[in-house]
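Report on the structure given below.
The values are calculated or read from the model by the stated rules, or taken from the named source; none is laboratory data. As the structure is a computational prediction, the values presented were derived from the model and not from experiment. Note that we place each Cβ from the backbone using ideal geometry, even for glycine, and neighbour counts take in every protein chain shown. Ligands, DNA and RNA are excluded from the accessible area calculation, which covers all protein heavy atoms including side chains. Shrake-Rupley method; radii C 1.70, N 1.55, O 1.52, S 1.80 Å.
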Amino acid sequence: MPCPPPHEARPGMDIEQALQVVGEFGPYQRQAVVILVLTQVYMACQSMLIVLVGTTPSYQIKQLDAASSSPPEFSPQVIFTEDVDSIVTEWFLVKQQAYKVSLAGSLFFAGLLLGNIIFGPLSDKIGRRPVYLAGLFFEVLFGYVTALAPNYEVFAASRLLVGLMNGGIGLVCFVLTQEYVGKSYWAMTGTLVSMTFAVGISLFGALGYLIPPWRSLAMAANSSGVLFFLLSVTLPESPRWLYSQGRTEEAEEVLRYMAVRNGNPANNLVLHRVGATKAGPGTARSAGVLQLLLHPLLRLRTLVLMYVWYACSLMYYGLTLGAGETSGNRFVNVALYGLIELPAYPLCIYFINKHWAGRRKSMAGFLGLAGSACLLTMFIPQNTEMLLNVTSLALLGKLMVSAAFNITYIYTAELYPTVIRNAGLGVCSMSCRLGGILAPFVPSMRAVHHSMPFTVFCLSGLSAGCLGLLLPETLNQPSAETLEEWTDPTPHRVLERKVKMIGQTTSLLYDNKL
């Protein structure tokens, strides 16, 4: 029997086999991933917008005598002594009104939480592409509302809506970068998403330096979303999602289109005919959450992980959002807080694969170092010209907590059995968003004492690091599929789990990160 041509698929293939024929990461997938990854620059600008548009310059309060009043009444007048254009100077958000700046930042992160809850199941139900395009369109629309807001109330409401869309499309965008390519490239595309977000923070600092007026800055930062939306319109639906829904013919069309664009025509590509999944993800997650509550060991493990995720998020976003308030040029600080994150990725990957460090010690160590860096800031004089100053220590803290945050994603996925892994990650992600909601208020605690924000970060990092040591090590340990395997230590079960573990950890590197 003659062999089939090398670029043509045999009938009845599953999606992974089909991608091997189409090309796991061909020219077309690279183009699609580049569009999705670059969208992270726009999303980072929206996430960090309040850092620069909410800048509070130095000011003086003068009392003006109302001569016509008897007895005399005094009305305060705010005089800003720095040439800064921000929502603070436009709407006089100082003294009793100063909390509104932090509130706007918290509303954005509250929107992120709601976006994750709403858009995730929605994209599972109606598809990745329509949810992603609709979310990106409305984020750009509400972004322009932010730039043109006539008063603070409209500005705050628009930040909530922008956060809602940002959280939703961030999740779907990440999923698409995974589902367009073969499994062996998932770790790489996930890493690119996180690294580009960090680069986006740095580019936003440069943009703020070039365009100081806050409305112009908000308009310029938002306009890049128009370009990414137009580019994203050309993206196809996820073939993996189509296949999982039983829409096999449509999945075949997308795969053939990818193959042609890759210069690899697969005219006879035929997938297995499968039905749509009967049990939706919501059902599995509900059952999983119940198991997390009822199982004593799972409950303890989940509580520890929830606090670790909360502390990582509080420190990560708190330090980043406070970049504009540390000593030195605020635009340079914002850029540095983005760039300093880049070395964290190779750093954490190096340590977690060493037998003397592993996941548990590396995560706890980086959290402890982040907390210690924040602790040292309390002993450094403000506005010192020395190399070792508050800003450099804060940057070191951001580097350490970024590494800890990345390890936490990997470690959490490995600590849960497969049957409840999504549920565990979902609960931890909720705790993570709570830290993000509270983070904008921490830098404003500087009004009480200049060391207060770093005290909070220090205690959070050190306590989370110590609690993390209560968790078991997972390096070179078998990954359980079911709760029975997870609780059964017999030798034959351990051997079976070790076989299943091969290649599994890498594919979960950035599972549910956004």
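Apply 1/(1 + (r/R0)^6) to the Cβ-Cβ distance of GLU153 and THR191, taking R0 = 25 Å, and write down the FRET efficiency to the nearest 0.05. Could the numbers behind the result be given before it?
Details: r = 40 Å, r/R0 = 1.59.
The computed FRET efficiency comes out at 0.05.
Run the numbers on region 199-273 and let me know its relative contact order in percent, using alpha-carbon pairs under 8 Å that are six or more apart. Write out the running numbers ahead of the final one.
Numbers: 32 pairs, mean separation 13.4, N = 75.
Relative contact order comes out at 18 percent.
So if each residue of separation counts as 0.36 nm, and I subtract the Cα-Cα distance between LEU387 and GLN20, what length gain in nm does that give? Walk me through the numbers on the way to the answer.
Working: separation 367, 0.36 × 367 = 132.12 nm, distance 5.21 nm.
Computed gain between LEU387 and GLN20 is 126.9 nm.
How much accessible surface does ASP14 have with a 1.4 Å probe, in Å² rounded to 10?
We get 60 Å² for ASP14.
Would you pull out the residues with amide H under 5 Å of HIS450's amide H, same chain only if 5 or more places away, H placed 1.01 Å from N?
Result for HIS450 returns nothing.
Rounded to the nearest 0.05, what FRET efficiency is calculated for LEU303 and ALA447 with R0 set to 41 Å and r the Cβ-Cβ distance?
Taking R0 as 41 Å, the efficiency between LEU303 and ALA447 is 0.80.
Around THR474, which amide H atoms from residues at least 5 apart in sequence, or from another chain, sit under 5 Å from its own amide H, with H modelled in the peptide plane?
ARG359, ARG360
What whole-number value in Å² describes the accessible area per residue of region 156-266 for a 1.4 Å probe? Kindly include the intermediate steps, with their values, before the conclusion.
Working: 3890 Å² over 111 residues.
Result: 35 Å² per residue.
Can you sort TRP214, TRP186 by solvent-accessible area, 1.4 Å probe, largest first?
Details: TRP214 0, TRP186 45 Å².
Heavy-atom accessible area, descending, gives TRP186, TRP214.
PRE reach from VAL78 (point 7 Å along Cα→Cβ): which of region 139-161 fall under 18 Å by backbone N?
Correct set: 149-157.
Rounded to a whole number, what % of the accessible area of region 197-267 do carbon and sulfur atoms account for, probe 1.4 Å? Don't skip to the end; give the middle numbers.
On the way: 1980 of 3000 Å².
Carbon and sulfur: 66 percent of the exposed surface of region 197-267.
Could you work out how much longer the chain between ILE118 and LEU342 gets when fully extended? Use 0.36 nm per residue separation minus the Cα distance between them, nm to one decimal. Could the numbers behind the result be given before it?
Working: separation 224, 0.36 × 224 = 80.64 nm, distance 3.03 nm.
So the extension gain works out to 77.6 nm.
Sorting HIS272, HIS295, HIS355 by accessible area (1.4 Å probe), largest first, what list results? Each step should come with its number before you reach the end.
Details: HIS272 80, HIS295 50, HIS355 155 Å².
Greatest to least solvent exposure: HIS355, HIS272, HIS295.
For SER58 and PHE92, compute 0.36 nm times the residue count separating them, minus their Cα-Cα distance, and round to one decimal in nm. Walk me through the numbers before you get to the answer.
On the way: separation 34, 0.36 × 34 = 12.24 nm, distance 1.21 nm.
Result: 11.0 nm gained on full extension.
Counting only protein heavy atoms and using a 1.4 Å probe, what share of the accessible area of region 80-183 belongs to carbon plus sulfur, as a whole percent? Walk me through the numbers on the way to the answer.
Numbers: 2640 of 3890 Å².
Percent of accessible area from carbon and sulfur atoms in region 80-183: 68.
Per residue, how much accessible area does region 320-383 have with a 1.4 Å probe, in Å²?
On the way: 2800 Å² over 64 residues.
Result: 44 Å² of accessible area for each residue.
Compute the orientation-averaged projected area for region 400-465 from the convex hull of its Cα atoms and round it to one decimal in nm². Could the numbers behind the result be given before it?
Numbers: hull surface 19.6 nm².
So the mean shadow area of the Cα hull is 4.9 nm².
Calculate what fraction, in whole %, of the accessible area of region 386-452 sits on carbon and sulfur atoms when a 1.4 Å probe is rolled over the protein chains.
Values: 1600 of 2060 Å².
The computed percentage sits at 77.
Please give the charge dipole size of region 99-245, origin at the Cα centre, charges +1 on K and R Cβ atoms and -1 on D and E Cβ atoms. Round to the nearest 20 debye. Don't skip to the answer; put the middle values down first.
On the way: 8 positive and 5 negative charges, 11 e Å.
Result for region 99-245 is approximately 60 debye, rounded to the nearest 20.
Amide H of PHE80 versus every other amide H placed in the peptide plane: which residues, excluding those fewer than 5 positions away on the same chain, fall under 5 Å?
GLN60
If DNA, RNA and ligands are ignored and the probe is 1.4 Å, what is the ranking of VAL34, VAL199, VAL51 by accessible area, most exposed first? Intermediate results must be reported in sequence, preceding the final value.
Values: VAL34 80, VAL199 55, VAL51 15 Å².
The residues order as VAL34, VAL199, VAL51, largest area first.
Quickly rank 431-442, 165-176 as a protection proxy: mean count of other C-beta atoms within 10 Å, highest first. Intermediate values should be presented prior to the final figure.
On the way: 431-442: 22.1, 165-176: 26.2.
Ranking the peptides 431-442, 165-176 by packing returns 165-176, 431-442.
Tally Lys/Arg at +1 and Asp/Glu at -1 over every other residue whose Cβ is under 10 Å from the Cβ of THR89; what's the total? Let's see the in-between values first.
Numbers: positive: none; negative: GLU82, ASP83, ASP85, GLU90.
Neighbour charge sum, excluding THR89 itself: -4.
Explain nothing, just compute: Karplus ³J(HN,Hα) = 6.51 cos²θ - 1.76 cosθ + 1.60, θ = phi - 60°, for every residue of region 39-56 in order, whole Hz, x for Gly and Pro.
Computed from phi, the couplings for region 39-56 are 4, 5, 4, 4, 5, 5, 4, 5, 5, 9, 3, 5, 4, 9, 6, x, 4, 9 Hz.
For region 131-193, count all C-alpha to C-alpha pairs, find those more than 13 Å apart, and express that count as a whole percent of the total. Walk me through the numbers before you get to the answer.
On the way: 1254 of 1953 pairs.
Percent of Cα pairs beyond 13 Å in region 131-193: 64.
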